[in-house]
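K.L.:
One structure, as structure tokens, below. Some questions next.
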Amino acid sequence: MGAKRERWDSRAVFILAAIGSAIGLGNVWRFPYIAFKNGGGAFLIPYFFALLTAGIPVLILEMAIGQQFQAAAPGALRKAKKWFEFVGWYAILVALCIVFYYCVIMAWSLNYIVHSFTLAWAGREADFFYNDVLHLTDGPAHLGGISWQLLISLAITWIGIFLCVRKGTESVGKVVWVSVNLPLLLLIIMFLRGVTLPGAMDGIRMYLTPDWSALLKPSVWGAAYGQIFFTLSVGFGVMSAYASFRPRKSDITNNSFITGLSNSGVEFFAGFAVFAVAGYMATIMQVPVTGVEEAGLKISGPGLAFITYASAIAKLPALQQLFGVLFFVMLFSLGIDSAFSLTEAASVALADKLKFNRLKVNIVLCIIGFFGGIIFTSGAGFYWLDIVDNWMNQWGLVIVSFLECVFLGWFFNIKWLQETIDKYGEIKTGKLWIVMIKYVTPIILGIIIVTTFIQEVQHPYGGGAYPMWTLWVGGWGLVIFLFALSIFLSNLKERVKSEVVKK
Ligand code: PFF
């Protein structure tokens, strides 16, 4: 074997990096809304159930293979069984597609940081976002021009990512102290500002009022599982890559619990900041808090951050510019460690496979990342982002996690893995973990896959807003292409090896 593998400086740094990957934009603009839509306070029950029965078990699985085989997802899966490798590549390719547009969202945030100094959006929030920032066209078929402001912001974002990952674990290990703690601090500030605004309590009540009947709806349970996978960053190869830099004989279970529980704590907390602002906006618009959505206010996704929150900031009694800067710096810093974790997952996988120097791989990946994002800076970028995001999440991470569980649970000596995990783990997983990986998680994920497929066929994504061919290109076509590419990549080694042998 070649050179010695990189190592994290300490266990704390590894945990921070994992937490940094998990805590991202989704914690602010996905969880609170999903909880509110799916039973409010009652949602916490399926949510924690999903965390314990699927999220943490799969997190343990991904960390365990990375750590035991000392390789990123594709290499680790290959070492488990040769034909598992393509699943790892599929995870990495999905991660790359996600990072392409994730960085564009960060570029929007960068733009808004600059616009905060003049509160450029004040008085015309939605119009400002769609027209001035995005230059939105009337549909995905009309690309429009590329926004040079977004392009520059995207370039800056990628330079930032490159600086974070350039020395691998060494530089990431330093950055995560800031990139994890800074957004948390800013979130606390946003929370304190939010809850002291008029109407905040109505918003928070709306967020948490339990609707117990929701527990009887299968869709609510499906939403809980979907959220858990996305928010924990499992199914993308990130956690295996990060864990591959830990010595074999180190704890996994406790690290997984710390990562999972911190991430959930942050997203639950973020809901207070989000819904306080929804309550405030309802008060200002003089509508009942339950009617904010009908009044045109978005409380999830980009609309929440770049329209609703921006608008609330412009309507603060004082220090609007300051809160503007703080909020968008928060978004940017929430995103950056998730974005570089995706980049690292790909980088480690490629470096493992091709034995290239990591710095070179990182340079190439950051350049590819920048070019891959350009389409999303066009006037139709917002639509393409929406389409690609939907497919990558529905057909990316869920499929990867499903296959990982089935392959490793049924076609591999999972008992050996469990015993190894328990040998060094501070929390013992025992047979229960095996039951989760072999039965519970794949059955639930299988049901999700089948039901989303049926739903997609019956009601194509976007409710008719997108022409069918765009869903084929940015959705199904992309998924099929990535699958084919991952099979190609998993066979690549053989070729490289045999060429070497021939020489
Ligand atoms: N977990 C991140 C979030 O909740 O925003 C998103 C994400 C980051 C997903 C990194 C996947 C990933 F590998």
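Values in this text are rule-based calculations from the coordinates and carry no lab data. Because the structure is predicted, anything quoted here is derived from the model rather than measured. Here Cβ is always computed from backbone atoms with ideal geometry, including for glycine, and neighbour counts include all displayed protein chains.
K.L.:
What whole-number volume per residue, in cubic angstrom, does the convex hull of the C-alpha atoms of the chain give?
P.N.:
Details: hull volume 70.8 nm³, N = 503.
Looking at the chain, the number lands at 141 Å³ per residue.
K.L.:
Does segment 68-180 classify as rounded, prolate or oblate by the C-alpha gyration tensor (a ≥ b ≥ c root eigenvalues; a/c under 1.5 gives rounded; else a/b over b/c gives prolate, otherwise oblate)?
P.N.:
Details: a/c = 3.54, a/b = 1.79, b/c = 1.98.
Because a/c hits 1.5 or more and a/b fails to exceed b/c, segment 68-180 counts as oblate.
K.L.:
Please give the charge dipole size of the chain, origin at the Cα centre, charges +1 on K and R Cβ atoms and -1 on D and E Cβ atoms. Round to the nearest 20 debye. Working shown, then result.
P.N.:
Details: 36 positive and 27 negative charges, 427 e Å.
Taking the Cα centre of the chain as origin, the dipole is about 2060 debye.
K.L.:
What is the local net charge at Ser219, summed over the other residues whose Cβ is closer than 15 Å to its Cβ (Lys, Arg +1; Asp, Glu -1)?
P.N.:
Values: positive: Lys37, Lys217; negative: Asp211, Glu456.
Here the count lands on 0.
K.L.:
Positive end of the dipole of the chain, charges at C-beta (+1 Lys, Arg; -1 Asp, Glu), about the Cα centre: which of Ser262, Ser490, Ile15 has its Cα farthest in that direction?
P.N.:
Selected residue: Ser490.
K.L.:
Could you sort 104-111, 435-442, 141-148 so that the peptide with the highest average Cβ count within 10 Å comes first and the rest follow in order? Let's see the in-between values first.
P.N.:
Working: 104-111: 25.4, 435-442: 19.1, 141-148: 13.6.
For the peptides 104-111, 435-442, 141-148, the packing ranking is 104-111, 435-442, 141-148.
K.L.:
May I ask for the distance between the Cα centers of segment 371-400 and segment 68-98, given as a whole number of Å?
P.N.:
The distance from the Cα centre of segment 371-400 to that of segment 68-98 comes to 21 Å.
K.L.:
Which is farthest toward the positive dipole end of segment 305-422 among Ala318, Tyr383, Gly369, measuring Cα position about the Cα centre, with Cβ charges +1 (Lys, Arg) and -1 (Asp, Glu)?
P.N.:
Comparing the listed Cα positions along the dipole, Gly369 ranks first.
K.L.:
On the Cα set of segment 454-496, report Rg and Dmax in Å, please.
P.N.:
Spelled out, the Cα radius of gyration and Dmax of segment 454-496 are 15.0, 46 Å.
K.L.:
Among 209-222, 19-32, how do they line up from the highest to the lowest mean number of other beta-carbon atoms within 10 Å? If you can, show how the numbers build up before the last one.
P.N.:
Working: 209-222: 14.7, 19-32: 25.6.
Final packing ranking: 19-32, 209-222.
K.L.:
Let me ask something additional. Using the scaling law 2.2 N^0.38 Å as the reference, what is the normalised Cα Rg of segment 308-412?
P.N.:
Values: Rg = 19.3 Å, N = 105, 2.2 N^0.38 = 12.9 Å.
Dividing the Cα Rg of segment 308-412 by 2.2 N^0.38 Å gives 1.49.
K.L.:
To continue, here is another question. Hey, could you grab the Kirkwood Rh for segment 189-268? Inverse mean 1/r over distinct alpha carbon pairs, Å, one decimal.
P.N.:
Working: mean 1/r = 0.0624 Å⁻¹.
16.0 Å is the Kirkwood radius here.
K.L.:
Right, next: Report the rotationally averaged projected area of segment 147-204 based on its alpha-carbon convex hull, in square nanometres. Provide the component values of the computation, followed by the final result.
P.N.:
Working: hull surface 24.6 nm².
Projected area, direction-averaged: 6.2 nm².
K.L.:
Going highest first, how would you order 392-404, 163-175 by mean Cβ packing within 10 Å? Please list the in-between numbers first.
P.N.:
Details: 392-404: 23.2, 163-175: 18.8.
Output ranking for 392-404, 163-175: 392-404, 163-175.
K.L.:
If Rh is defined by the Kirkwood formula over all Cα pairs and Rg also comes from Cα, what ratio Rg/Rh do you get for segment 1-138?
P.N.:
On the way: Rg = 20.5 Å, Rh = 19.0 Å.
Reported Rg/Rh (Cα atoms, Kirkwood Rh): 1.07.
K.L.:
Shifting gears a bit: Provide the convex hull volume over Cα atoms per residue for segment 348-503, in Å³. Let's see the in-between values first.
P.N.:
On the way: hull volume 29.5 nm³, N = 156.
It comes to 189 Å³ per residue, whole-number rounded.
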